[in-house]
2 protein chains.
Amino acid sequence: MRRFKKAAIIGTGLIGGSFGLFLKRNKLAQEVVGVAQHQASLDQALKMKAIDHASLGLDIISGADLLVLATPVDTIIRSYKQILKIAGEDCLVTDVGSTKAKIVSCLERVFPNYIGSHPLAGSEKRGISHACPGIFKNSVCILTPTSKTRKLALAKIKALWQRAGARVVLLSPPEHDRILSLTSHLPHSLAFALMNSVPAHFLKFSSGGLKDTTRIAASSPSLWQGIFLTNRMNMLKAISLFENNLRQLKSAIKKGDKKLLTHILSQAQKRRSLLE
Amino acid sequence: MRRFKKAAIIGTGLIGGSFGLFLKRNKLAQEVVGVAQHQASLDQALKMKAIDHASLGLDIISGADLLVLATPVDTIIRSYKQILKIAGEDCLVTDVGSTKAKIVSCLERVFPNYIGSHPLAGSEKRGISHACPGIFKNSVCILTPTSKTRKLALAKIKALWQRAGARVVLLSPPEHDRILSLTSHLPHSLAFALMNSVPAHFLKFSSGGLKDTTRIAASSPSLWQGIFLTNRMNMLKAISLFENNLRQLKSAIKKGDKKLLTHILSQAQKRRSLLE
């Protein structure tokens, strides 16, 4: 793998910081620079040697031949034109956003060497302090090429993720957004709504079930509103599908229909057994 | 603590088996006998020394001065009269069922020394093979006395759970069922409905979020249909409350209302921070 001259990571949080650590530990770039909103995050990234140089402003990314956009999805959409002005259109670009259709349609119009990435390696934890180069190991990383995607850009980004230990899968941006609305965004929306349904003074009576079910409700609200809103139509469909399933379960309870209820729960239990 | 002469555990699964191990390790009974539906479960309980003697039939419980009912809730309701015939009404009795109002109203009518227990120490795992005497340590155990409960029975069962390492909390049976419908039964119903909403061929694109959120969907369907149906009215209310919260979240997504959506998610995140 050819070494990059200058890799720039915009958003040195959990994923961006981990990617910086991966690049640095494997000496995949002569220089890694990082941009973030908060100086404390940059200081920590420098201390952890996830980046070599840091800045609160975008000017530092000038001259980069690899650009990784690791800010929340709506920040990417808001800032890519400014990034383009400084980075130029020639560098290899990817992002790690959790929704793809909107981002890809914006970025591929201006960066000819762009390919969207979504490493399924996030968690409810956030920030550089949780970063670690190993988080991509044995994870799935979805790349979302389109008819406009250059083969070389795809090959290079694919090789990077594979080197980081991820199993790369290709999906079109709309396919990605439809699938992830069910496997990731829906569970998050339910965890948030569940947490809002349990009165605070009842929480002392919760066991492992509630804790596990709502772990992801500890996720960042600003990050997740962006994910929900940039995947709006799929989210609405996913929630409606869930509402139908919950209605069936509720109806079986209401009717006291033991047979139907056992059937519904067994179906769910059987599918859950496929998950691990 | 006075040693029991003969402790009988009906249902030597995860909780019953763990309780047997706790009694045996602490020499709290001269003899511990176990009843289960399957010989394999009893063989394993004997092998693990969770019980001294085992039987598929109830006759073995005759003469017990401590009786722990650890079968699924609907099995307890179906079998207590038969148990009464063999055990007699004088022994100290508790159960470990996840719903209390129905069970307590049945059992306290026939066993004067009965008090309901609900150790919040279960998991999606089931069976004696996962039993361990330490599962009650630092857990909450809810006892559900009523106006009929004898003080001595309450004191003795309370002392047992405390000895097992649990923090004992007293709630009335209806209070218990209302609170647990939100902190435990609702999360289970959502996990089952969520699992039924994600097509099997999408599961390879799931990350930690879906796995955590649906861990409890691996729970036993026969156990959980009984819990849902013996806590029917509270379950219907809990699901309706959740449906309202989900509808609000969905509506904010539909309207693209970033401010409202962030508010809803922040409220949930804040409450989640109280949980651990």
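The values are calculated or read from the model by the stated rules, or taken from the named source; none is laboratory data. Quantities reported herein were computed from a predicted structural model and do not represent experimental measurements. Every residue, glycine among them, receives a Cβ derived from its backbone with ideal geometry; neighbour counts consider all protein chains shown.
Might you check whether a residue that is at pLDDT 95 or above, at the interface with another protein chain (Cβ under 7 Å from one of its Cβ atoms) and surrounded by fewer than 24 Cβ atoms within 10 Å (Cβ to Cβ) occurs anywhere in the stretch A:219-231?
Residues of the stretch A:219-231 that are at pLDDT 95 or above, as a first pass: A:221, A:224-231.
Still in the list and also at the interface with another protein chain (Cβ under 7 Å from one of its Cβ atoms): A:221, A:224-225, A:228-229.
Right, trim to surrounded by fewer than 24 Cβ atoms within 10 Å (Cβ to Cβ) and you get A:221, A:229.
There is at least one residue in the stretch A:219-231 that is at pLDDT 95 or above, at the interface with another protein chain (Cβ under 7 Å from one of its Cβ atoms) and surrounded by fewer than 24 Cβ atoms within 10 Å (Cβ to Cβ).
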Any hit, the stretch B:156-166, residues being surrounded by fewer than 21 Cβ atoms within 10 Å (Cβ to Cβ), aliphatic (A, V, I, L, M), in contact (Cβ under 8 Å) with a residue 12 or more places away in the chain and more than 7 Å from chain A (Cβ to nearest Cβ): yes
Long-range neighbours under 9 Å by Cβ, at least six apart or interchain, first residue without any contact (Cβ under 8 Å) to a residue 60 or more places away in the chain within the stretch B:5-23, second in a helix (DSSP H, G or I): B:Leu23/B:Pro133; B:Leu23/B:Leu160
Test: residue in the stretch B:113-125 that is at pLDDT below 95 and surrounded by fewer than 16 Cβ atoms within 10 Å (Cβ to Cβ): yes
Filter result for the condition that a residue is acidic (Asp, Glu) and more than 23 Å from B:Ala121 (Cβ to Cβ), over B:Asp74, B:Asp43: B:Asp43
So A:Gly127, is it away from every other protein chain (no Cβ under 14 Å), touching a residue at least 40 places away in the same chain (Cβ under 8 Å), of a type outside the set (Lys, Arg) and on the phi > 0 side of the Ramachandran plot: yes
Strands (runs of 3 or more DSSP E) enclosed by the stretch B:108-182 - at least 1 residues per element that are over 22 Å from B:Thr71 (Cβ atoms) and β-branched (Val, Ile, Thr): B:167-170
Filter pass, A:Asp95 being at pLDDT below 95 and charged (D, E, K, R): no
Residues that are assigned to a helix (DSSP H, G or I), farther than 11 Å from B:Leu210 by Cα and out of contact with any Phe, Trp or Tyr (no Cβ under 9 Å at 6 or more places or on another chain), drawn from the stretch A:186-204: A:Met195, A:Ala200, A:His201, A:Phe202, A:Leu203, A:Lys204
Among the candidates A:Arg109, A:Arg78, residue that is farther than 20 Å from A:Ser222 by Cβ, surrounded by fewer than 17 Cβ atoms within 10 Å (Cβ to Cβ) and more than 15 Å from the chain's Cα centre (by Cα): A:Arg109
Condition met for B:Arg271 (in a helix (DSSP H, G or I) and either in contact with a helix residue (DSSP H, G or I) (Cβ under 6 Å, 6 or more places away or on another chain) or among the aliphatic types (A, V, I, L, M) (or both)): yes
Matching entry among B:Ile76, B:Ile103, B:Ile15, B:Ile51 (being of a type in the set (A, V, I, L, M, F, W, C), within 26 Å of B:Lys137 (Cα to Cα) and part of a loop (DSSP other than H, G, I, E, B)): B:Ile51
Every residue from the stretch A:179-198 that is of a type outside the set (A, V, I, L, M) and at the interface with chain B (Cβ under 7 Å from one of its Cβ atoms): A:Thr183, A:Ser184, A:Pro187, A:His188, A:Ser189, A:Phe192, A:Asn196, A:Ser197
Matching option when the condition is closer than 16 Å to A:Gln248 by Cα and among the hydrophobic types (A, V, I, L, M, F, W, C), among B:Ala159, B:Ala238, B:Ala200, B:Ala218: B:Ala238
